[in-house]
Amino acid sequence: MDTLILYLSLALFTLGCMHRVSAWFTRDVWYLSRSGSGGVEPLARLKVFAKGAMGLGRGRVLVQVAWQCLAHGVMQVQVLKSNRFRWFMHMLIFAGFMGLTLMHAFEETISERFFPDYYATVNPYFFLRDAFGLLVLAGLAMAVARRVMMRRKGLFSNGMDYGAIGILAVIVLSGMFLEAVKISSHTVFENMVDEFGMIEDEKDVAALEAYWGHEFGVAIPGAGKVLDPSLLEQGQAIHEESCMSCHADSRWAVAGYPLATGLGTETALRLDRAGAVTFFWWVHYVSCFLFLAWLPYGKMFHMFSTPMGLIVNSVTGKKGGKEALAIRRSLALDACTRCGTCSQYCSVRPAYEITGNPLVLPSEKLSFFKSRAGQKELSGDDFFRARQGVTLCTDCGNCARVCTAGIDLRNLWQHMKGDLLQSGKSDPMFLSPLAFGSCLEGDGVDSDQLAPAMKRLSGRFDDLSDPSRVIHVGQEPVTQPFASFGIDACFQCGGCSSVCPVAEAVDDPQQSLGLLPHQVVQALKLGEVEMAEGAPMLWNCLTCYVCQESCPQGVLVTDLFYELKNRAYRRTGEGRRLASGHRTGSGR
């Protein structure tokens, strides 16, 4: 029966892996409109992938790929930079799970081959098995706590997320309870003595039984009486002669021993008579192979797809044309671990709190498109929500910078916008000025398609249509003092301007932007509020928060820009109409 379960699990695992890998080369990579996908044939993708794989033979490329897998796939350097709590959680689960897999699950293949003195019940292996299990449990507890605590910050969890945590917990806990009932089992003790002890004298067996019951937690029937010290000494001598060489002190089982002693003698004896050892063995065995069979179909498949994504990115880079792009986009859907880091750093995350549309968040957007990959074109409410989630993106690149799986999320969103523009289904009212250009790169979209959107923008925001016009804000008091943004701490180091992607994207920042971020702050410190509010820099800002995150003095640069834009917008005709509508309760 156990062999049948093993082969069935391996068959399901193999079929699942074949299905997932084939999708990298056959999956239709359009998202919102087929017209922009420019379908790429599977054979063409295979040729590009094979060409890149042949390049691994070159020493430099091989070293680069190995470093990417080690640094980002194993050590999770990117996670360490963004969130130490999550990195520690990941390393606990990874180290514990790999330790159990290599040392315990594959003991005949690995442990016995590389460690000639290996025996499961002697140290350090006896202790390490429990230690690895406790590492996994600690990491899983941190994972649950993180998902509960981060729920308000845009970290969504579904059944697949908690299913992965649950099945790992069942595997580890069932193993610990199996060890506990084996430690306390009188039947297991008797079988061990019969098979390995070679003790024929019943008095010696009784002495050894008394010693193991007193020292190692074995539940002995009728063990309530006070034991004779001489009997324990005799049992210890027999143990040292017959058992010590192949069985460590049960107290080294740092998880199983406390569980065994915590059961109590009577409970342990009842469980022993009920066949608890057999029950927990089957639970542990079946759960391990259920995990193996489920692995290609769940989120844990990122253990394979994430390193493969890193390899493909290293091998193809930005080369390979549409074929390599199609592979990378397909891999991205499998490589995502749904950790939610991208959503936490998304510069338009506040828009989710306003609209209630989870597809504004990068992680939810990617998960949504994965669930609908290759299906018919979106329509109705699904299309509206997906389009809103894509068009609200400012192309700041924060999600791509912090992605621990190395997914080029910014490239995905740009191509989605290009698909929309080519299909004529776009509604680019919320696209930033730089987003127009970025989503057109390489897609051959006629710029005339943007004319209707530009006309609508100029009609609605007539007061802002002239970039050289200074907006006079009058004498209305400031709603929030600029000092609260920390501008007094600014010492004009220019760090915010040096990391600004807008300043980097233009040839002549002074001519195109008027003032750079640090100059806007300095203008406010000098009392030149109108100069700061009239700077085109404000209206080209991507709100990526890079300047604010990089400021050594903690100046809230991006929040300050929001305040300046809100002040200016409230003076426009559109702003006054919206404010009037909000006050009267009328909608638009």
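Worth pointing out:
- Summed residue charge, Cβ within 12 Å of Val557's Cβ, Lys/Arg positive, Asp/Glu negative: -3
- Contour excess over end-to-end distance, with Cα ends at Val506 and Leu290 and 0.36 nm allotted per residue: 72.3 nm
- FRET efficiency for the Lys51 to Leu232 pair, using the beta carbon distance and R₀ = 51 Å, is estimated at 0.10.
- Förster radius 25 Å - calculated FRET efficiency between Val74 and Tyr118, Cβ distance, rounded to 0.05: 0.50
- In order through region 278-284: 3J(HN,Hα) via Karplus (6.51 cos²θ - 1.76 cosθ + 1.60), integer Hz, x for Gly, Pro: 5, 4, 5, 5, 5, 4, 5
- Spin-label model, Thr3 to Ser379: label points 7 Å out along the Cα-to-beta-carbon direction sit 5.5 nm apart.
- Rg and Dmax of region 37-181, both derived from C-alpha coordinates alone, stand at 20.2, 61 Å.
- Charge dipole (debye, nearest 20) of region 43-143; +1 at Cβ of Lys and Arg, -1 at Cβ of Asp and Glu: 940 debye
- Of Lys525/Lys565; Lys81/Lys299; Lys47/Lys322; Lys47/Lys417, pairs whose Cα-Cα distance is over 19 Å: Lys81/Lys299; Lys47/Lys417
- The fraction of Cα-Cα pairs per 5 angstrom bin, counted from 0 for region 184-285, comes to 2, 12, 22, 25, 21, 13, 4, 1, 0 percent, rounded to whole percents.
Values in this text are rule-based calculations from the coordinates and carry no lab data. All figures in this text were calculated on a predicted structure; none of them were measured in a lab. When we count neighbours, we look across all protein chains shown, and the Cβ atoms used for this are built from the backbone with ideal geometry, even at glycine.
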